[in-house]
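Worksheet for the structure shown next.
The values are calculated or read from the model by the stated rules, or taken from the named source; none is laboratory data. Just so it is clear, the model here is predicted, and its values are computed rather than measured. Positions of Cβ are backbone-derived with ideal geometry, glycine not excepted, and every protein chain shown enters the neighbour counts. Accessible surface is based on the protein model in full, side chains and every heavy atom, while ligands, DNA and RNA are left aside. Shrake-Rupley method; radii C 1.70, N 1.55, O 1.52, S 1.80 Å.
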Amino acid sequence: MKKSVVVLGTQWGDEGKGKIVDLLTERADAVVRYQGGHNAGHTLIINDEKTVLHLIPSGILRDGVKCYIGNGVVIEPTALIKEIKNLEASGVDVQSRLYISKAAPVIMPYHITLDQLRETKKGKQAIGTTGRGIGPSYEDKVARRSIRIGDLLDAQLLKEKLATVLEYHNFVIEHYHQAEPLSFDEIYQNALQQADFIRDMCIDVTGELHEHLDQGHKLLMEGAQGSLLDIDHGTYPFVTSSNTTSGSAASGSGLGATHIDYVLGITKAYTTRVGSGPFPTELFDDDGAELAKRGVEFGATTGRPRRCGWLDLVALKRAVQVNGVTGLCVTKLDVLDTFKTIKLCTSYGDQAFPGAATEWEAVKCEYQSFSGWQSSTRGMTDLNKLPTEAKAIIDFIEKFTGAPVHMISTGPDRCENILLVDPMS
Ligand code: GDP
Ligand code: IMO
Ligand code: MG
């Protein structure tokens, strides 16, 4: 029996993680977010009703499932409280089921200011961040000056830590960026109010997760972003500021590496990317426009149009390796329904797997073409009904990457899936 299953993205994010986590939590006792922050946007569609989650784990719509935000997540209290209140307004019981790690770093207002000032200063070289303060908050974590959730709950400690760290960041804001310094009193008073709101939800998450394991409970670990946005293995510097690959499911929650029984790697049947940076299979033609239109490719967090391209099997294979993927889930297969020809990138030519930004830019993709099926797969739940052309693509993905396809998603709704092997059982 699988006790802990990691669900993560193998591309540049938005692979459909939220949908799959929501689906699989039917058979989980708890769902854990372990990295990233409210830069994530995970969409759940249940009976035509859409919910977008940014920080709260995608198990929250399943009654009785406990939801944890682990130490590896950076938490912006304003965004968290807004998300809790929105869900509660639509009748979801959140506060009795959500637990927040006291060891998680807080995203403070100066992190958001710095993120946005830096992007502006970079001009054309901007990373295209979500502007949520993610990078600066992780920098403070590594620099050992973070205000963590546990510090937020202690008014005196918060006052002392905030005074020191704000002095440091205000110096940069004022003298490097020539912008207005932030007010200590405003940040402090606001933080005290936020602390009161979240106090009862803040716990030792690692300890609780081990209690779950001791009781034989099943845990679902929900990744954010995608493997190509990983700070080490992605398209650096056009990446996010955390490890998005499977190792951080352990470090970002306090599980041991040996507690992870299964890694589900999610990939779209094509590729998208939001923000700047290399994208070898990007399309600028009618096919790209068709993918964007049929896939409704707009960012769930910032609303920006997503760049679209063919599935990149070279990058997917690397993601399978780096994450130790047990099984793949191919999502949005239905988006390809209208295409006469579908291409998969099978080689970067002479180029070894890129390790530098310039190498990424130099990649020239070689493609293998497949016939499309030009009929509807939308909502299909039976592999036997899938057109042979679609099956041929699934088979090719398995052979090329060495990872079996265990799930296929054929529509945005919770129930639109072909389940070949259940990662939870
Ligand atoms: P996440 O960040 O990985 O959770 O993905 P997002 O929610 O940002 O983006 C995925 C989008 O695709 C959402 O709008 C989903 O509703 C939608 N989606 C997920 N799976 C499928 C699918 O199989 N087919 C179609 N057509 N849409 C899907
Ligand atoms: P989910 O979990 C897609 C991208 C941003 C930018 C880069 C760095 O929904 O898949 P950041 O704000 O993290 O410093 O921005 O990473 N990015 C995402 N792209 N989906 C996401 O999350 C993303 N989270 C960050 O667009 O290019
Ligand atoms: Mg998303």
Can we say residue 152 is away from ligand 3 (no atom under 16 Å from the Cβ), of a type in the set (A, V, I, L, M), over 20 Å from residue 274 (Cα atoms) and in contact with a helix residue (DSSP H, G or I) (Cβ under 9 Å, 6 or more places away or on another chain)?
yes
Do we have any residue at all in the range 60-81 that's open to solvent by 10 Å² or more (accessible area, probe 1.4 Å), within 14 Å of ligand 3 (Cβ to nearest atom) and in contact (Cβ under 8 Å) with a residue 24 or more places away in the chain?
-> no
Residue 335 meets each of (1) open to solvent by 50 Å² or more (accessible area, probe 1.4 Å); (2) within 16 Å of ligand 1 (Cβ to nearest atom) with one exception, condition (1)
Over the range 129-154, the set of residues hydrophobic (A, V, I, L, M, F, W, C), surrounded by 12 or more Cβ atoms within 10 Å (Cβ to Cβ) and in a helix (DSSP H, G or I) is 134, 149, 152
Within the range 292-318, of all residues that are touching a Leu at 6+ places or on another chain (Cβ under 7 Å) and in a helix (DSSP H, G or I), the one surrounded by the most Cβ atoms within 10 Å (Cβ to Cβ) is 315
For this session: Determine whether the range 19-29 contains at least one residue that is within 14 Å of ligand 2 (Cβ to nearest atom), among the hydroxyl-bearing types (Ser, Thr, Tyr), modelled with pLDDT of 95 or more and open to solvent by less than 10 Å² (accessible area, probe 1.4 Å).
Result: no
Subset of the range 248-259, residues open to solvent by 40 Å² or more (accessible area, probe 1.4 Å) and in contact with a helix residue (DSSP H, G or I) (Cβ under 7 Å, 6 or more places away or on another chain), comes to 257, 259
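Only one residue in 263, 335, 274 is within 15 Å of residue 15 (Cβ to Cβ), touching a residue at least 40 places away in the same chain (Cβ under 8 Å) and away from ligand 3 (no atom under 16 Å from the Cβ). Which one?
Among 263, 335, 274, only 263 is within 15 Å of residue 15 (Cβ to Cβ), touching a residue at least 40 places away in the same chain (Cβ under 8 Å) and away from ligand 3 (no atom under 16 Å from the Cβ).
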Across the range 106-127, the tally of residues that are touching a Lys or Arg at 6+ places or on another chain (Cβ under 8 Å) and farther than 18 Å from residue 57 by Cβ stands at 3
